[in-house]
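The values are calculated or read from the model by the stated rules, or taken from the named source; none is laboratory data. All values derive from a computational prediction rather than experimental measurement. Positions of Cβ are generated from backbone atoms using ideal geometry, with glycine treated the same way; all protein chains shown enter the neighbour counts.
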Amino acid sequence: MKPQRSLEIGTGLFVLLGFAALVFLTTQLPGSGMRVGAEQGYRVLAKFDNVGDLKPGAPVSMSGVRVGRVEAIRFDPTDYRAEVTLRIERQYDRIPDDSDASIQTQGLLGGKYVGIGAGGSETFLADGGRIDFTQSAIVLESLVNKFFANFADKGGAKAAPEQEEKTP
Amino acid sequence: MIAETLSRVGRVGLFLVRVLRQAPAALARPRAVVHQVYNAGARSLVIIMLSGLFVGMVLGLQGFDLLQRFGSEDALGIAAALGLLKELGPVVTALLFAGRAGTSLTSEIGLMRATDQLTAMEIMAVDPLRKVVAPRFLGGVIAMPLLVAVFNVVGLFGAQLIGVQVMGVDPGAFWSQMQGAVELDDVNEGIVKSLCFGVACSLVAVYEGYHAAPTAEGVGLATTRTVVISSVLTLLIDYILTAAFLGR
Amino acid sequence: MSDAVVRVRDLHYGFGSRAIFAGVDLEAHRGRVTAVMGPSGTGKTTLLRLITGQVAPASGSVEVFGQEVTRLDTAGIYALRKRMGMLFQNGALLTDLSVFENVAFPVREHARLPEPVLRQLVLTKLHAVGLRGAADLMPPELSGGMARRVALARAIVMDPELLIYDEPFVGLDPVSMGVVVRLIRALNDALGITSIVVSHDVRELASIAHHSYLLSGGKVVAHGTPAELDASPLPVVRQFMSGEADGPVPFHYPAPDYHADLLGGRPRT
């Protein structure tokens, strides 16, 4: 019965491992919810009119260097804006409190990230602090629409009649 | 030629029906099935994990090189996850399964055929389809999706290792973009594929073993056929399923 | 002849175009040892496959325990097989089970016995073949003779009414052979089992068989007690019983004329 026992344990381990992998794949890959370990650092809030397809976990960077990541995104029903929680690493504790945050795109087709531009204040952001100056995500479609709208206004209607029809 | 192929497909199909009819009886005594899950699954684990790691690392390198040209190396997570979930995970695992577990199933059953063990069971009024074939078939079918899942997780780890640790892709971007782009449907596609491959590879392996010529040479030939047929069948089914999923 | 356990009538069977049996008649009687002899390649093993319902004949009838095997469905054949035991040439032990589990296998499959009862039953049967001490060995650790005796214990564990032996003497040393010969007759006498032994070992069969059939060319060419066969004037029987190289069973496979062939009068095809 000894070999039978170890065989059953081996099978049990294998099945357990397989199911753990399956659960990981089905719950952790799609959608949000992934936490890479316990985050260190302090929280800063910023409100945006439009976050585009910014996702929790996206990087937060200053001058191209990553200083933290997006922890959560929620919709604030009182002022109809998106409230983004940024988790900034503790070592970057000298970010001026009048800095601005903007949502930017990596490369042409890459994902969104939050860029912070340093302000000139002598006081710094601390845990629970707010960034008041924000610039929303540039939504490519509205940019294109705007461009064609301008184009049509300037008398280009005969050149791009189809696009004009699509413009609301 | 066409008639021969058709009748062969028909024979395998009928065999599947006969095996499935014995499946409830085989499941009623689960110890044999557990044994076969161990044989087909647990014993393939090391080769699956090693292969998964390397496939993932290659994906990390190639994906990074490709995406860098578009300045979108942060999308590496998406590329690796979708590549593994939808294609490489199920297909490479099925091919390895055919070589590792499939051959051992075929030669084991073939040897039982060659040494009259299957006939002896029949004479003892024990159906070898229930006692020998069905547990092995079910063991393979159960083991395959689990192996694929393990392969995918290890592969993701490998891609992450190369992409994030070596190439310097931001880990947050790697995971967040992946989570943003991967849908539950993508995961399901991989699971459906792995189930189909599990049925196909296990069926071919037990069929070839059961119908092997009862000689050493016959068993050897059957083992070779298992690898060839399983591999081609896997790729064929993969194309059909991919087309079906994209067509939805 | 109401005590015939197996009755074969006008049996025809062939592989493709090659006829193996062309009208075989044969009977095995209750409590008797019936021997089926014949040169290699006469389909002796095929005859056993027909009796056990593994293959169906082209025509003719095979009756076992009064039931027509050719007309039974799978369930019927399985029910029939529970009443028989068969010993294969190489034993056909299940290689992944111990000797004990091999003998216990049919019991575990067909009956739910409490473990102590099963153990007693299996050890009794192993004792009968003299291998109680080998209960914990695995099949690869057994010699050819031992494997065959274990297979014999397995064949009798369900107390069959009919025991079929396929070439039980092949490849055994003289001592093992003597053991198996004695066992066959002892089991037959002690348990009242009907036995069919297929073999071409004339001398061994002569010592245990009540009745012998000699197959050749797809037909029964002679049958009777060993003594009757020994005294038979038929050349085929004479050749087989005394083991002459050439005779009605030709030494040479059919071939063109030797001299013509050697002189290369004709290209080989």
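Couple of notes before you dig in:
- The condition of being at pLDDT below 90 and not acidic (Asp, Glu) holds for only one of B:123, B:109, B:142, that being B:123.
- Residue satisfying all of: in the stretch C:10-19; surrounded by fewer than 20 Cβ atoms within 10 Å (Cβ to Cβ) and touching a Gly at 6+ places or on another chain (Cβ under 6 Å); farthest from the other protein chains (Cβ to nearest Cβ) among these: C:10
- Scanning the stretch B:181-191 for residues that are in contact (Cβ under 8 Å) with a residue 40 or more places away in the chain and either closer than 9 Å to residue B:81 by Cβ or facing another protein chain (nearest Cβ under 7 Å) (or both) gives B:181, B:182, B:186, B:187.
- Screening the stretch B:72-146 for helices (runs of 4 or more DSSP H) wholly inside it with 1 or more residues that are closer than 18 Å to residue B:32 by Cβ and away from every other protein chain (no Cβ under 12 Å) returns the ranges B:103-114.
- Hits in the stretch C:104-122 - residues which are assigned to a helix (DSSP H, G or I) and more than 14 Å from chain B (Cβ to nearest Cβ): C:115, C:116, C:117, C:118, C:119, C:120, C:121, C:122
- Some residue of the stretch C:30-40 being under 17 Å from the mean Cα position of the chain (by Cα), within 14 Å of another protein chain (Cβ to nearest Cβ), surrounded by 15 or more Cβ atoms within 10 Å (Cβ to Cβ) and under 28 Å from residue C:172 (Cα atoms): no
- Contacts under 6 angstrom Cβ, first residue in the stretch B:13-38 being away from chain A (no Cβ under 14 Å) and in contact (Cβ under 8 Å) with a residue 12 or more places away in the chain, partner among the charged types (D, E, K, R) and part of a helix (DSSP H, G or I), 6 or more apart: B:22/B:130; B:25/B:130; B:26/B:130
- Filter result (of a type outside the set (S, T, N, Q), within 8 Å of chain A (Cβ to nearest Cβ) and assigned to a helix (DSSP H, G or I)) within the stretch B:157-180: B:171, B:172, B:173, B:175, B:178, B:180
- Search result, residues across the stretch B:14-30 that are surrounded by 12 or more Cβ atoms within 10 Å (Cβ to Cβ) and farther than 10 Å from residue B:135 by Cα: B:15, B:16, B:18, B:20, B:21
Conditions (1) crowded, with 22+ Cβ neighbours inside 10 Å; (2) at pLDDT 85 or above; (3) more than 10 Å from chain B (Cβ to nearest Cβ); (4) more than 17 Å from the chain's Cα centre (by Cα), marked per residue:
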site: A:19; (1), (2), (3), (4): no, yes, no, yes
site: A:23; (1), (2), (3), (4): no, yes, no, yes
site: A:29; (1), (2), (3), (4): yes, no, no, no
site: A:32; (1), (2), (3), (4): no, no, no, no
site: A:43; (1), (2), (3), (4): no, yes, yes, no
site: A:48; (1), (2), (3), (4): no, yes, yes, no
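- Any hit, the stretch B:227-242, residues being aromatic (Phe, Trp, Tyr) and farther than 24 Å from residue A:24 by Cα: yes
- Here residue C:52 meets the list (1) polar (S, T, N, Q); (2) surrounded by fewer than 17 Cβ atoms within 10 Å (Cβ to Cβ); (3) closer than 14 Å to residue C:8 by Cα almost entirely, failing just condition (2).
- The stretch B:54-71 residues that are closer than 24 Å to residue B:93 by Cβ, paired with ones that are in a helix (DSSP H, G or I) and charged (D, E, K, R) (beta carbon under 6 Å, 6 or more apart): B:64/B:73
- Condition check for residue B:194: in a helix (DSSP H, G or I), within 14 Å of chain A (Cβ to nearest Cβ), touching a residue at least 24 places away in the same chain (Cβ under 8 Å) and surrounded by 24 or more Cβ atoms within 10 Å (Cβ to Cβ): yes
- All of (1) within 14 Å of another protein chain (Cβ to nearest Cβ); (2) at pLDDT 85 or above hold for residue C:91 with one exception: (2).
- The residues of the stretch C:25-50 that are modelled with pLDDT of 85 or more and touching a helix residue (DSSP H, G or I) at 6+ places or on another chain (Cβ under 7 Å), listed by number, are C:33, C:35, C:36, C:37.
The rows are residues; the columns are (1) in contact with a strand residue (DSSP E or B) (Cβ under 7 Å, 6 or more places away or on another chain); (2) assigned to a strand (DSSP E or B).
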site	(1), (2)
C:21	yes, yes
C:25	yes, yes
C:31	yes, no
C:96	no, no
C:102	no, no
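- Wholly enclosed strands (runs of 3 or more DSSP E) of the stretch C:144-247 bearing at least 3 residues over 15 Å from the mean Cα position of the chain (by Cα): C:219-224
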